[in-house]
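J.: First the structure, which I've put down as C-alpha cells, then a few questions once you've had a look.
The values are calculated or read from the model by the stated rules, or taken from the named source; none is laboratory data. All figures in this text were calculated on a predicted structure; none of them were measured in a lab. As a convention, Cβ positions derive from the backbone with ideal geometry for all residues, glycine included, and neighbour counts pool all protein chains shown. SASA here: full protein model, heavy atoms, side chains in, ligands and nucleic acids out. Shrake-Rupley method; radii C 1.70, N 1.55, O 1.52, S 1.80 Å.
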Amino acid sequence: MSGTYLGMPAFPAAARESTADTRLRANLLHATHTIRDKRARAVAELDDFDRLRAAGAAVKDRTLRHLDHYLEQLEEAVTAAGGTVHWAVDAADANRIVTELVRATGEQEVVKVKSMATQEIGLNQALAEAGIHAYETDLAELIVQLGDDLPSHILVPAIHRNRGEIRDIFRREMARWGRPAPEGLTDDPRALAEAARLHLREKFLSAKVAVSGANFMVAESGTLVVVESEGNGRMCLTLPQTLISVVGIEKVVPTWQDLEVFLQLLPRSSTAERMNPYTSTWTGTTDEDGPRDFHLVLLDNGRSDTLADTVGRQALRCIRCSACLNVCPVYERAGGHAYGSAYPGPIGAILTPQLRGTASELDASLPYASSLCGACYEVCPVAIDIPKVLVHLRERVVQGGPVTRRGVRTTVKPAKGHAAERAAMRAAGWAFDHPGALRAGQRLAARTRRLHPRRVPGPGRAWSDTRDLPPVPAESFRDWWQRTRGAAGAEGEQG
C-alpha cells in the first residue's frame, strides 16, 4: 500500500476486499474489544461523566459559534509570546508554508509527533517532493511509515498489524531509515519497543526541526497542548531548534478552565486512562528553553465550509479519541483503510465528506459506511450525533442541494448511481402526501402478501442476500384500529 489515500476505491469495494482478510479481522476484533472494554471501566469510575460530556459539547459549540473571535485571540497571544502564526486555506497552502519554513532553516530532515492534520494534507509526501525527509516518532506511526503503509485507526494507527508483522517490518526496514533492528529481534512487545526507542533516539538527538500537531489550543494564553503516552512528543517539542505546529482551526478552546474538561474526557475515552502519561504544553518561545523559533500553521481545509452546515458542523467537536471506532461493527470488520481517509470509522464517515465534498465516488460512499446502530453516539465524549449527520449527508448525496465550498454558497448535483433511491423516496413522499393512495397501497400489499418474494430483485439483491424482507401483515394498523376501536372511539367523541 502506498503512502497516500488518493485514488482509493469507494468504501463498498475496499470493504469487500478487507473483510476477506481473516488476519486483519482477527487483529481488529482483539484490539477494538480490548480497548472498548477498558474504556467502559474507566468511564464508569466517574459519577459525573454524563455532565462532563454535556459540558464538553457545550464548550465546543460555544467556541464554534464564535470561532473567528477565539482564533484572533489565539493569534494575538501566540504572537505576543514570540511565535509566528500562519493561516492556511487548504492542504496545498499548508504544505507550501511548512516546506518554506523548513527550507529556511537549511535542514533536510524533520521529526514529527503524531498529527492527523498532517496526514490529512499529505505533508510527508509534499516534503519528500521538496527533498526533505520526515520521520514519524510515534511507535505506531513509525511502524506504518517503515512498512510503506497507511494509518488505519486514530489512536492506534497500526492496529491492523500484529506483533509478528511488526517484527518483520523492523528487521527489514529499520536499517534503511537509520539505526538497524537488533540482531535476533523477537516479537516480544518489550523487545519491539526497545528497538524503536534505540532507532528513534538518534533522530531526536540530531534533528533541528520538528513538526507537530496539537490536541488543543488555548486562546487566552496562546498555549498549545499535546497529550501522548510514549514521551516522543516531549522529545519533539523540546529538543529541536525550530518547531512547526500544524493544527486545525477547530482545536481552539477559549480558556484553561475549558481545557480542564477535555483533559478529563479525552484520556478515558481514548486510552482508558485517568490521565495521559505525558501532557505537554508550550506557549511561544522562551530563552534557553525549548525551540528558538515557533510557527503555528492554522489549517482550514474545508472546516469553515463544514461550520456553515448547521447539522454537520457538530463533527468539528471531535477531539480524536477514537471511541466511536472501537464500538463500530462496520469498522471492526472492514478496518480503517477502507475509508480512504486519514479519518477512519464513524467520525471519518461524517467528517471527510464535509472537508472534501461528495463529488468523488469514494466520498459519496462514506455516509453509507454505517449500520446506523447508534453505538458511536453513545460513546462519543462530546455527544456528536453521528447517525443524524450520516442521514443528513446521505440526503445530500442522493438529492444534492445547497452547500458551502471555499466560502461560497453553491448547489451540488446528486451523486451518480442513486437514481433508483431518489425515485423511491419521491414515490414515498407522494404517497404520504396522499392518504387515500397510501391506504389503497397498504390494502393491496396485505391482500397479495402470499405472493411477495423473500428477496428483493435487481439492485436490491445485495441487501436481501443477508436478511429476509419483513412479512406484510394481514391488515394495516389503520384498518386494525378502525375495525377494533373505531366504533368505540366514535361513541366516546359523541359522549
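Conditions (1) touching an Asp or Glu at 6+ places or on another chain (Cβ under 7 Å); (2) open to solvent by 10 Å² or more (accessible area, probe 1.4 Å); (3) assigned to a helix (DSSP H, G or I), marked per residue:
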position: R333; (1), (2), (3): no, yes, yes
position: A349; (1), (2), (3): no, no, yes
position: Q354; (1), (2), (3): yes, no, yes
position: L362; (1), (2), (3): no, yes, yes
position: S370; (1), (2), (3): no, yes, no
position: C373; (1), (2), (3): no, yes, no
position: C376; (1), (2), (3): no, yes, yes
position: I384; (1), (2), (3): no, no, no
position: K388; (1), (2), (3): no, yes, yes
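J.: Give segment 302-319 a look and list any residue that's outside any helix (DSSP H, G or I) and open to solvent by 30 Å² or more (accessible area, probe 1.4 Å), or say none.
T.: Of everything in segment 302-319, those that are outside any helix (DSSP H, G or I) and open to solvent by 30 Å² or more (accessible area, probe 1.4 Å) turn out to be A308, T310, V311.
J.: Would you be able to say whether some residue in segment 262-273 is touching a Pro at 6+ places or on another chain (Cβ under 6 Å), open to solvent by 40 Å² or more (accessible area, probe 1.4 Å) and at pLDDT below 95?
T.: Within segment 262-273, one or more residues are touching a Pro at 6+ places or on another chain (Cβ under 6 Å), open to solvent by 40 Å² or more (accessible area, probe 1.4 Å) and at pLDDT below 95.
J.: The conditions are (1) in a helix (DSSP H, G or I); (2) open to solvent by 90 Å² or more (accessible area, probe 1.4 Å), and R409 fails exactly one of them. Which is it?
T.: (1)
J.: Same structure, new question: Quick one: what pairs do we get from segment 121-139, first residue without any contact (Cβ under 8 Å) to a residue 40 or more places away in the chain, second of a type in the set (G, A, S), C-beta under 8 Å, 6+ apart or different chains?
T.: L127/A134; A128/A134
J.: Say whether the condition of being within 25 Å of P12 (Cβ to Cβ) and surrounded by fewer than 16 Cβ atoms within 10 Å (Cβ to Cβ) is met by at least one residue in segment 428-446.
T.: Looking for residues that are within 25 Å of P12 (Cβ to Cβ) and surrounded by fewer than 16 Cβ atoms within 10 Å (Cβ to Cβ), one finds at least one in segment 428-446, hence yes.
J.: Can you report the number of residues in segment 458-478 which are open to solvent by less than 90 Å² (accessible area, probe 1.4 Å) and in contact with a helix residue (DSSP H, G or I) (Cβ under 7 Å, 6 or more places away or on another chain)? Steps first, please.
T.: So the first thing to find is which residues in segment 458-478 are open to solvent by less than 90 Å² (accessible area, probe 1.4 Å), and the list is 458, 460, 462, 464-465, 469, 472-476.
Cutting the leftovers down to in contact with a helix residue (DSSP H, G or I) (Cβ under 7 Å, 6 or more places away or on another chain) gives us 472-476.
The total comes to 5.
J.: Is there any pair linking a residue in segment 274-301 that is more than 13 Å from A81 (Cβ to Cβ) to one that is open to solvent by 80 Å² or more (accessible area, probe 1.4 Å) and not small (G, A, S), with Cβ under 7 Å and at least six apart or on different chains, and which?
T.: What qualifies is Y278/R234; S280/R234; L298/W87; D300/V89.
J.: Same structure, new question: Do any residues in segment 432-457 that are farther than 15 Å from D479 by Cβ have Cβ atoms under 7 Å from those of residues that are surrounded by fewer than 10 Cβ atoms within 10 Å (Cβ to Cβ), where the two are at least six apart or on different chains, and which pairs are they?
T.: From segment 432-457, the pairs are R454/D468.
J.: Here are some residues: D168, D93. Which one is without any contact (Cβ under 8 Å) to a residue 12 or more places away in the chain and open to solvent by 40 Å² or more (accessible area, probe 1.4 Å)?
T.: That would be D168, the only listed residue that is without any contact (Cβ under 8 Å) to a residue 12 or more places away in the chain and open to solvent by 40 Å² or more (accessible area, probe 1.4 Å).
J.: Just one of the numbered conditions (1) farther than 26 Å from T242 by Cβ; (2) of a type outside the set (D, E, K, R); (3) in a helix (DSSP H, G or I) is not true of N124; which one?
T.: The one condition N124 does not meet is (1).
J.: Please enumerate the residues belonging to segment 335-347 that are in a loop (DSSP other than H, G, I, E, B) and not small (G, A, S).
T.: Passing the criteria: Y343, P344.
J.: On to the next question. For segment 343-361, how many residues meet the condition of being at pLDDT below 95 and within 25 Å of D21 (Cβ to Cβ)?
T.: So the count comes out to 2.
J.: Within segment 17-29, take every residue that is under 21 Å from the mean Cα position of the chain (by Cα) and in a helix (DSSP H, G or I) and give me the one that is farthest from M275 (Cα to Cα). Steps first, answer last, please.
T.: Within segment 17-29, the first condition is being under 21 Å from the mean Cα position of the chain (by Cα), and the residues that meet it are 18-19, 24-25, 27-29.
Those still in the list that are in a helix (DSSP H, G or I) too: 18, 24-25, 27-29.
On the way: S18: 34, L24: 30, R25: 30, N27: 26, L28: 25, L29: 26 Å.
Ranking the qualifying residues of segment 17-29, first place goes to S18.
J.: Related question: Over 30 Å from I347 (Cβ atoms) and open to solvent by 60 Å² or more (accessible area, probe 1.4 Å): which single residue out of A175, A130 fits that description? Show your work before the answer.
T.: Values: A130 fails: open to solvent by 60 Å² or more (accessible area, probe 1.4 Å).
That would be A175, the only listed residue that is over 30 Å from I347 (Cβ atoms) and open to solvent by 60 Å² or more (accessible area, probe 1.4 Å).
J.: If you scan segment 192-244, which residues turn out to be part of a helix (DSSP H, G or I) and either without any contact (Cβ under 8 Å) to a residue 24 or more places away in the chain or touching a Phe, Trp or Tyr at 6+ places or on another chain (Cβ under 7 Å) (or both)?
T.: Matches in segment 192-244: L192, E194, A195, R197, L198, R201, K203, G233, R234, M235, L237.
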